[in-house]
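In what follows, a structure is listed as structure tokens, so that the remarks can point back to it.
Here, each number is a calculation from the coordinates, and none is a lab measurement. What you are looking at is a predicted structure, and each value in this text was computed from that prediction instead of being measured. Here the Cβ positions follow ideal geometry from the backbone for every residue, glycine too, while neighbour counts run over all protein chains shown.
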Amino acid sequence: MDITNVAAVITGATGGIGKATAVAFLEAGAGAVGLLARNTERLGALTEELTGAGYGERIVPLLADLQDHTALDVAFADFVARTGRIDVLVNNAAVMLDGAMYFPSQGDDEFYPMESWNTTLASNLTGPFRCAQLAVKHMAEAKTQGVIVNLTSISRHGQAGQAAYSTTKGGIVSLTLSLAQELAPMHIRCVAVSPGLVETKMSASIPPVHRKRLLKKVPVGRMATPEEVAHAIRFCVENDYFNGAVLDLDGGMKE
């Protein structure tokens, strides 16, 4: 698929990877890029920044939280109304609420909060599934070639203190493989990109001691940049034979 003139929706667009992906698509000539985010101020700031860079006519700000399915319905309908179609969906948005599942020394708070568990699943798994449904509906109705790129993580293999996050990222892989088979007859591909450590606001929350320990497992000796992940996403979109697969982008990181 040639990215030139495609209409793409990117969730979590104000984050490091989301923003880098939006810029990569715009630089490649995408016709329209939907910037879907839940924070009004950050979405406004990104819209202003990209408008100042000369992309104003090709960006569509979309305000919605992945846990609010009504807002998602409205956002996707608005994007199609303004652009006429959806060719690409990048399911990038996610939350990471780390914590041990059982930690007796914390007294009354010995269990991982079920609210955090439910929020993580709603944002990282159910939300992307709903976005995929909405995108596929428009792709199928338009009988257009489409691509869904889901962001998973090396954490899908399991990480101590990340039961909720790891579960959702493993689920994203299963969702990707299932949709790849289901949607292929409609000429819609579904693939996943699995970053390791990336220099983002999310990774900045990792305590320095753990950050140092994790970096020792990366042969290239550094974290990825958001732009490198965006390049991988673009590759997944452009290669028409890449379907039902996970592209690892972890610098050779081993558990």
Long-range amide H partners of ILE59 with built H, under 5 Å:
VAL33
Length-normalised contact order of the stretch 178-249 in % [C-alpha pairs under 8 Å, at least 6 apart]
51
What's the angle, to the nearest 10 degrees (0 to 90), between helix 16-27's Cα axis and the longest principal axis of the chain?
20
Relative to the longest principal Cα axis of the chain, at what angle does helix 40-50 sit, 0 to 90 degrees, rounded to 10?
60
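Note down the net charge around LEU179, summing +1 for each Lys or Arg and -1 for each Asp or Glu among other residues with Cβ under 14 Å from its Cβ.
Details: positive: ARG130, LYS137, ARG189; negative: GLU182.
Taking every other residue near LEU179 into account, the sum is +2.
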Under the rule rounded for a/c under 1.5, else prolate if a/b exceeds b/c, else oblate, using alpha carbon gyration tensor axes a ≥ b ≥ c, the stretch 134-255 is classed as prolate
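Taking the chain, how many lysine pairs are there with alpha carbons less than 19 Å apart, if each pair must be eight or more places apart or span two chains? Please list the in-between numbers first.
Details: LYS19/LYS201; LYS169/LYS201; LYS169/LYS254; LYS201/LYS212; LYS212/LYS254; LYS216/LYS254; LYS217/LYS254.
Taking the Cα cut-off of 19 Å, the pair count is 7.
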Under 5 Å from the placed amide H of PHE111, counting only residues 5+ away or on other chains, we find PHE103
What does the charge add up to near GLY244, with Lys and Arg as +1, Asp and Glu as -1, over the other residues with Cβ less than 14 Å from its Cβ?
-1
Amide H within-cut-off set for LEU97, under 5 Å, with H built and near neighbours excluded:
TYR165
Once phi for every residue in the stretch 241-253 is put through the Karplus expression 6.51 cos²θ - 1.76 cosθ + 1.60 (θ = phi - 60°), the whole-Hz ³J(HN,Hα) values, with Gly and Pro written as x, are 9, 8, 8, x, 9, 10, 9, 7, 10, 10, x, x, 4
Where the centre of each part is set by its Cα atoms, how far does the stretch 67-91 sit from the stretch 1-49, in angstrom?
13
Expressed as an acute angle from 0 to 90° and rounded to the nearest 10, what is the orientation of the C-alpha long axis of helix 226-238 relative to the principal long axis of the chain?
50
For the stretch 7-248, give the share of DSSP beta bridges that are antiparallel, in percent and rounded to the nearest 5; count only bridges with both residues there.
5
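Tell me what the chain gives for mean residue ellipticity at 222 nm when only DSSP H runs of n ≥ 4 count, each as -39,500 (n - 2.57), the sum divided by the residue total, rounded to 500 deg cm²/dmol.
On the way: 8 runs with 104 residues, N = 255.
Computed ellipticity for the chain at 222 nm equals -13000 deg cm²/dmol.
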